[in-house]
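The values are calculated or read from the model by the stated rules, or taken from the named source; none is laboratory data. Just so we're clear, the structure is a prediction, and the values are computed from it rather than from any experiment. So basically every Cβ, Gly included, is an ideal-geometry build from the backbone, and we count neighbours across all protein chains shown.
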Amino acid sequence: MRRPFDTMLALAAAIAFAFLLLPIVALFLRVAPNDLIGGLGSEEVRDALLVSLKTSAIAHVIVLLVGTPVAYLLGTRSFRGRGLLITLIELPLVLPPAVAGIGLLAAFGRRGLLGDELEALGVRIPFTQTAVVLAIVFVASPFYVRQAIAAFASVDRTLLDASRTLGSGPARTFRRVALPLAAGGLAAGSSLAFARGLGEFGATILFAGSFPGVTRTAPLAIYAELDRSFDSALALGALLVVVSVVVLVAVKALTSWTLFGWTSPSPSAPSTSS
């Protein structure tokens with residue numbers, strides 16, 4: 001009985017991985033290595049990649065700085081309305097990208113909810129790189145925050161209580177106990193969020209537009225190239241796969257290393273043993 005079940009599991013895994021890998025393999029089979037390298041020589045491609053990396057990096061810093069304490073609060077505290085707050089955080093995950101873009105326009109556009117206040121301050125957000133950053137934060141942050149909530153919730157509460165009992169304040173307990181224990185989950189969520197932000201399309205094109213060198217990210221550039229040359233779009237798509245893999249691996253390594261650096265004990269720390 002065990003062998004047929006194991007065979008079924010192996011078959012399901014083979015089908016899943018074949019389906020997920022087939023489009024990526026097809027990209028590289030259709031694009032010659034010279035075309036892939038030559039794509040970097042195009043000014044439009046370089047501009048699109050630069051805009052993507054710049055806006056994604058800024059958005060990711062915002063997600064980490066704001067999302068981590070929010071996740072810690074929701075992952076380690078029980079209070080009335082907690083479930084509702086988690087649901088609100090998860091809502092962008094199920095919203096169509098077009099709805100996210102229209103919603104951002106309705107909130108920050110010139111005739112939007114905050115339009116008069118922003119105009120009085122001389123601030124213009126739609127169709128700027130700021131709009132790209134906000135769109136990425138909106139669609140990518142739930143991927144990090146939801147994973148971070150689960151990571152903090154899995155931390156043994158008695159360890160946090162013990163830290164407080166030994167005299168550590170809330171901030172020190174968060175930095176020296178909670179962060180290192182949740183580091184694996186935080187790194188996974190960080191990688192997912194960054195990858196999602198790098199590939200953002202729908203909300204960006206509605207809220208920020210597609211202006212070369214300003215708001216045209218790599219996914220938008222691929223869409224623009226489809227009207228002119230399918231081969232160029234393929235080359236840019238393959239190039240973005242390479243960049244995404246490199247960035248994804250780098251973010252995972254950097255996040256894990258940074259968290260370890262924040263939380264590793266100092267060599268000069270006083271011993272508590274008698």
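Some observations on this one:
- Looking only at region 96-111, residues that are in a loop (DSSP other than H, G, I, E, B) and surrounded by 18 or more Cβ atoms within 10 Å (Cβ to Cβ) come to 1 in all.
- Lone unmet requirement of (1) surrounded by fewer than 17 Cβ atoms within 10 Å (Cβ to Cβ); (2) hydrophobic (A, V, I, L, M, F, W, C); (3) in a helix (DSSP H, G or I); (4) modelled with pLDDT of 75 or more for Val214: (3)
- Gly67 being farther than 24 Å from Arg196 by Cβ and not basic (Lys, Arg): no
- Unmet requirement for Gly185, which otherwise passes all of (1) within 17 Å of Leu74 (Cβ to Cβ); (2) surrounded by fewer than 18 Cβ atoms within 10 Å (Cβ to Cβ): (2)
- Here Val31 passes the criteria (1) crowded, with 17+ Cβ neighbours inside 10 Å; (2) within 24 Å of the chain's Cα centre (by Cα) except the one numbered (2).
- Single unsatisfied condition, Val51 versus (1) surrounded by 15 or more Cβ atoms within 10 Å (Cβ to Cβ); (2) closer than 17 Å to Arg146 by Cβ: (2)
- Region 67-94 - residue that is free of Cβ contacts under 8 Å to residues at least 24 places away in the same chain and among the aliphatic types (A, V, I, L, M) and, of those, nearest to Phe211 (Cα to Cα): Val94
- Extreme residue, modelled with the highest pLDDT, among residues of region 148-173 that are loosely packed, with under 12 Cβ neighbours inside 10 Å and either over 20 Å from Val70 (Cα atoms) or in contact with a Cys (Cβ under 7 Å, 6 or more places away or on another chain) (or both): Thr158
- Candidates in region 112-142 are the residues that are of a type in the set (A, V, I, L, M, F, W, C) and part of a loop (DSSP other than H, G, I, E, B); of these, the one that is nearest to Leu186 (Cα to Cα) is Ile125.
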